[in-house]
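The values are calculated or read from the model by the stated rules, or taken from the named source; none is laboratory data. As the structure is a computational prediction, the values presented were derived from the model and not from experiment. Here the Cβ positions follow ideal geometry from the backbone for every residue, glycine too, while neighbour counts run over all protein chains shown. The protein model used for the area step is the full one, side chains on, heavy atoms only, and it has no ligands, DNA or RNA in it. Shrake-Rupley method; radii C 1.70, N 1.55, O 1.52, S 1.80 Å.
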Amino acid sequence: MDEQRQITTAQEAADNALVLAFGRLQGAANRLEYILGRKIEEECGISHLMYEVLLILGRAGDPGLSMRAISQEQVLSTGGATRLVDRMEAAGLVRRVTDPNDGRGRLVRLTPLGEETAVRASRLHVENIKRYFLEPLPPSHRERFAEDLRILSRSARDFLPLLP
């Protein structure tokens, strides 16, 4: 890839190897998110974003996470995270509890239904990841590709500003 080549026209911009590569990554991610997210919605009755929050809370364990931590993990505004958690709480997937380290603060925790939903959705998700994400790749590339994505994700996360 000749990333040093000067872009002087819209055609050159559209045909730039790096622009094309990133566009393919973004397109694949968007399409896969749509396909996999629809499967979770159809089978489990939750959005992909709700599923991601269930995973974040599952990783956190007890005592739970603050709204701020959830919003930063999902790159959401605190208002957006609050609305999402409100819907999840209404569905019985999470509950808010008092922060044991700060009596004024509130933490979000999985309920037993949230735990059960996370497990059921994850089993489905793993099968769909295999089908739509791994199977199209040559077997010899799969492990390296997954590692490269981990590196890219961590690097991009390190450049994100912390949300207020």
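Looking across segment 100-122, just one residue is loosely packed, with under 11 Cβ neighbours inside 10 Å and in a helix (DSSP H, G or I), and that is P112.
For G79, are the conditions met, namely being under 25 Å from D158 (Cα atoms), modelled with pLDDT under 95 and surrounded by 13 or more Cβ atoms within 10 Å (Cβ to Cβ)? In short, no.
Among the residues of segment 136-148, is any among the polar types (S, T, N, Q) and surrounded by fewer than 17 Cβ atoms within 10 Å (Cβ to Cβ)? Within segment 136-148, one or more residues are among the polar types (S, T, N, Q) and surrounded by fewer than 17 Cβ atoms within 10 Å (Cβ to Cβ). In this structure, does E41 turn out to be touching a helix residue (DSSP H, G or I) at 6+ places or on another chain (Cβ under 8 Å) and either free of Cβ contacts under 8 Å to residues at least 12 places away in the same chain or among the small types (G, A, S) (or both)? Yes: the conditions hold for E41. Could you check segment 96-135 and list, in sequence order, the residues that are of a type in the set (S, T, Y), modelled with pLDDT of 95 or more and under 20 Å from I70 (Cβ atoms)? Selection gives T111, T117, S122. Taken as a whole, the condition of being loosely packed, with under 10 Cβ neighbours inside 10 Å and either modelled with pLDDT of 95 or more or among the β-branched types (V, I, T) (or both) does not apply to P161.
Select from segment 54-67 the residues that are in a loop (DSSP other than H, G, I, E, B) and of a type outside the set (S, T, Y) and write down the one among them that is most open to solvent (accessible area, probe 1.4 Å). Walk me through it before giving the result.
Step one: of segment 54-67, the residues in a loop (DSSP other than H, G, I, E, B) are 61-64, 66.
Now drop any that are not of a type outside the set (S, T, Y), which leaves 61-64.
On the way: G61: 31, D62: 126, P63: 47, G64: 14 Å².
Checked segment 54-67; the qualifying residue most open to solvent (accessible area, probe 1.4 Å) is D62.
Going by the conditions given, is L93 of a type in the set (A, V, I, L, M), modelled with pLDDT of 95 or more, farther than 24 Å from R157 by Cα and open to solvent by 60 Å² or more (accessible area, probe 1.4 Å)? No, not satisfied.
Rundown of residues vs (1) touching a residue at least 24 places away in the same chain (Cβ under 8 Å); (2) not polar (S, T, N, Q), yes/no style:
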position	(1), (2)
I46	yes, yes
I70	yes, yes
S77	yes, no
G80	no, yes
R87	yes, yes
V94	yes, yes
L113	no, yes
V119	no, yes
L124	yes, yes
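Out of I46, I35, I70, one residue alone is surrounded by fewer than 15 Cβ atoms within 10 Å (Cβ to Cβ) and either part of a loop (DSSP other than H, G, I, E, B) or of a type in the set (A, V, I, L, M, F, W, C) (or both). It is I35. You will find that of E135, E143, E115, the residue that is closer than 23 Å to L84 by Cβ, out of contact with any strand residue (DSSP E or B) (no Cβ under 7 Å at 6 or more places or on another chain) and of a type outside the set (G, A, S) is E115 and no other.
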